[in-house]
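Below: the structure, in C-alpha cells.
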Amino acid sequence: MRTHSGPRKRKGSGVAILGALACSLALPVSAQRQPTVQELLQRLEALERRVGEAPATVAVEGDSAPATLGDLDQRLRILERRLELQQEEAATRAKEAPVIAVNDKGASLKSANGDYEVKIRGLIQGDGRFFSSGVPSGTYDTFLLRTARPTIEGTLGKWVGFRFTPEFAGDSASIVDAYADLKFSPAATVRLGKFTSPVGLERLQSSSALSDIERALPSELAPNRDIGVQLQGELAGSKVSYAIGVFNGTVDGRDAVTTNPDDEFEVAGRLFVEPFKDDAGFWSGLGFGIGGSVGDTAGTGNNILPRYRTPGQVQFFNYRSAVAADGKRTRWSPQGYFYRNQFGLLAEYIASKQELQVGATSAELENTAWQATASYVLTGEDASYRGVVKPSKPFSPGKGGWGAWELVGRYGELEIDDGAFPLFADPVVSARRAKAWTLGVNWYLTSNLKLVVNYLDTQFEGGAAAGADRDDEKAVFSRLQVAF
C-alpha cells in the first residue's frame, strides 16, 4: 500500500509554517487569545506584500465565509517558493557584482571572478630648487611641478594586463608608460610597448619610492624608458627574476623618442636574485644581480649621444656637435640592495661604452659611474626597495601621530673616459669627473603624503677654462609628494 508520505509531509510543513506564523505574529497565549483564521489571513497578506507581490484573492463561500486552513497552506507554499527564488536571485547577483575598492593604493574596480580589473592611481610631485653655487648662468632658483602622472592599469581576462601613464608636468604632455602584458604564467610574461629598459637598478625603482629627490649619477648612464618587446618572469618561488628584450635603443639616461632614430636595435636584459626572500632570517632583504645592453647606433644629436647631469639636474658633460656615434654601444651594471628592518642599502655600478667618430678619427670610449645609498627609518618602520615607508602612526595632530621619519645619505661618482678630451669633448665646458653626495630627511606623514628635504653637493674635475675645475655645485632641494 502506498502511503503518500510526500504530500502529507508537505502539508504538514505548511501547517507548521502556519503555526510559526501564528506564534510570530500573535501575542503569547497567556496574554491574549489565539488569532482567528481570518486574522492570520490578513497578516499573511501583509507578509506577501513585503515579499513584493500583491496577494491573490482566495475564493470564499459567501461574503462573510472565512478562508480555510487549506487555503492558508496553499498561500504559505507559494510564499515559501517566492522567498527561495528571491534568495537565489540575491545570491546570483552577489556573485556577479563587481568589487569596488578605494584605499591608500588608489581606486579599483574588479569583476566578481577577479579576471577583469581596472586600477586608477596617481603621482604628484612639487619641488623647490635653491642653488648657492656652481651653476651656469640661466639656472635659477625655482618652484616647479616635477611630476603629474595619473595611471590606469589592470587586467583584461586571465591573459592580458595593461598600463597607461601620461605625464602632464612640464610644457607639454607626454607618455611615460604604455604597454600590454601577455601573461602566460608567472615564469613567462611578454610585455610590448613603452616601459623602463631592464638595465639600471635605480632606474627600475618607482620615482615615488626613491630615497632621494633625484636619481644618482649611475642612472645617467642607464637607459630609461624604451620601446620594444620583452620576455620577463619569476622563477624559484619569485627568488629569481629575469627580463630580456629587443628595443629601439635610447641614449644614456633618457627616454626613447617615438620612433627608432637610427634604424638600429638594442638587446637589453637583467638577472636578479633574492636568495633568502620570504625567509625570516637576517638576509631576507638581500638582492643582487646584473643588467646590460648591447646594440649598434649611428648618428649625431641628442637622441643618439648622451648629455650627463648632476643630481641637481644641471648638465656638466656633452660631446662636441661634430661627434657621431658610429658602431656598437654596450652597457653592463652589477647591482644589489639589502634591507633589514629600518635599515636600507642600495648600490650599483654601470659602464657605458660607445664607438664614436669625429672627422677621420674613431675611438671607443667608456664612461663609468657608481653610487651607494644608505637609509634608516628613525621611527621603527620597515624600509623597502619597492615602496614608501608606511607610518605606524600616521600624522594626526593632538592624537600622538607624527608619521614616520627617515634619514638618507648617498655618495656617487661619474667618470668620463680620458680619451674623450680634447677631440670628442671640450674640456672648457665639460668636466672629466663628477663626485656627488647627498644628505636627506624624509617625513612620511601618511602612506600617501611625503615631504623631503635634500642637501646636494657635487664636485668636479675639469670643466673650466685653463684646465681649472668647475665650481662646486651646492643646492637644497625640497619635495611635496602625493602618491596613491
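The values are calculated or read from the model by the stated rules, or taken from the named source; none is laboratory data. Predicted model, so just to flag it, every value in this text is computed and none were measured. In this analysis, Cβ positions are derived from the backbone assuming ideal geometry, glycine residues included, and neighbour counts consider all displayed protein chains. To get the accessible areas, we keep the full protein, side chains included, count just its heavy atoms, and leave off ligands, DNA and RNA. Shrake-Rupley method; radii C 1.70, N 1.55, O 1.52, S 1.80 Å.
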**Request:** List every residue pair whose Cβ atoms lie under 8 Å apart, where the two residues are 6 or more positions apart in sequence or sit on different chains, the first residue falls within segment 246-258 and is touching a residue at least 40 places away in the same chain (Cβ under 8 Å), and the second residue, located anywhere, is aromatic (Phe, Trp, Tyr) and in a loop (DSSP other than H, G, I, E, B).
**Result:** PHE247/PHE265; GLY249/PHE265
**Message:** Residue pairs, Cβ under 6 Å, 6 or more apart or interchain, first in segment 110-125 and under 30 Å from ARG479 (Cβ atoms), second among the small types (Gly, Ala, Ser) and surrounded by fewer than 16 Cβ atoms within 10 Å (Cβ to Cβ). List them.
**Reply:** ILE120/ALA107
**Fill in**
Over segment 382-435, the set of residues open to solvent by 20 Å² or more (accessible area, probe 1.4 Å), touching a residue at least 60 places away in the same chain (Cβ under 8 Å) and among the acidic types (Asp, Glu) is GLU413, ASP426
**Item:** Looking only at segment 442-484, and only at residues there that are open to solvent by 60 Å² or more (accessible area, probe 1.4 Å) and small (Gly, Ala, Ser), the one that is farthest from ALA431 (Cα to Cα)
**Value:** ALA466
**Asked** In this structure, is SER137 out of contact with any His (no Cβ under 7 Å at 6 or more places or on another chain) and assigned to a strand (DSSP E or B)?
**Response** no
**Request:** Return a yes/no flag: does segment 219-226 have any residue that is outside any strand (DSSP E or B), under 22 Å from ARG386 (Cβ atoms) and open to solvent by 10 Å² or more (accessible area, probe 1.4 Å).
**Result:** yes
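Those residues that are assigned to a strand (DSSP E or B) and more than 17 Å from THR310 (Cα to Cα), I need them from segment 391-445; list them, please. Outline the logic, then answer.
Looking only at segment 391-445, we keep the residues that are assigned to a strand (DSSP E or B), and these are 396, 401, 404-415, 431-444.
Answer for segment 391-445, where residues must be assigned to a strand (DSSP E or B) and more than 17 Å from THR310 (Cα to Cα): SER396, GLY401, ALA404, TRP405, GLU406, LEU407, VAL408, VAL441, ASN442, TRP443, TYR444.
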**Prompt:** Has segment 89-96 got any residue that is surrounded by 12 or more Cβ atoms within 10 Å (Cβ to Cβ) and more than 30 Å from THR438 (Cβ to Cβ)?
**Reply:** no
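When the residues of segment 269-287 are narrowed to those that are in a strand (DSSP E or B) and touching an Asp or Glu at 6+ places or on another chain (Cβ under 8 Å), which ends up nearest to GLN335 (Cα to Cα)? Write out each step before concluding.
Within segment 269-287, the subset in a strand (DSSP E or B) is 269-273, 286-287.
Checking which are touching an Asp or Glu at 6+ places or on another chain (Cβ under 8 Å) leaves us with 286-287.
Numbers: LEU286: 11, GLY287: 9 Å.
That would be GLY287.
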**Asked** When you scan segment 288-358 for strands (runs of 3 or more DSSP E) that lie fully inside it, which ones turn up with 3 or more residues that are among the aliphatic types (A, V, I, L, M) and under 30 Å from LYS474 (Cα atoms)?
**Response** 343-358
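Residue-by-condition table, conditions (1) surrounded by fewer than 18 Cβ atoms within 10 Å (Cβ to Cβ); (2) part of a strand (DSSP E or B):
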{"residue": "ILE120", "(1), (2)": "yes, yes"}
{"residue": "PRO150", "(1), (2)": "yes, yes"}
{"residue": "GLY154", "(1), (2)": "yes, yes"}
{"residue": "ARG163", "(1), (2)": "no, yes"}
{"residue": "GLY170", "(1), (2)": "yes, no"}
**Prompt:** Can you tell me which residues in segment 316-337 are surrounded by fewer than 18 Cβ atoms within 10 Å (Cβ to Cβ) and either within 12 Å of ALA374 (Cα to Cα) or among the hydroxyl-bearing types (Ser, Thr, Tyr) (or both)?
**Reply:** SER321, THR330
**Asked** Taking interchain pairs and intrachain pairs at least six residues apart, which have beta carbon atoms under 8 angstrom, with the first residue in segment 350-373 and over 22 Å from LEU210 (Cα atoms) and the second open to solvent by 60 Å² or more (accessible area, probe 1.4 Å) and small (Gly, Ala, Ser)?
**Response** GLU355/SER362; LEU356/SER362; VAL358/ALA322; GLY359/ALA322
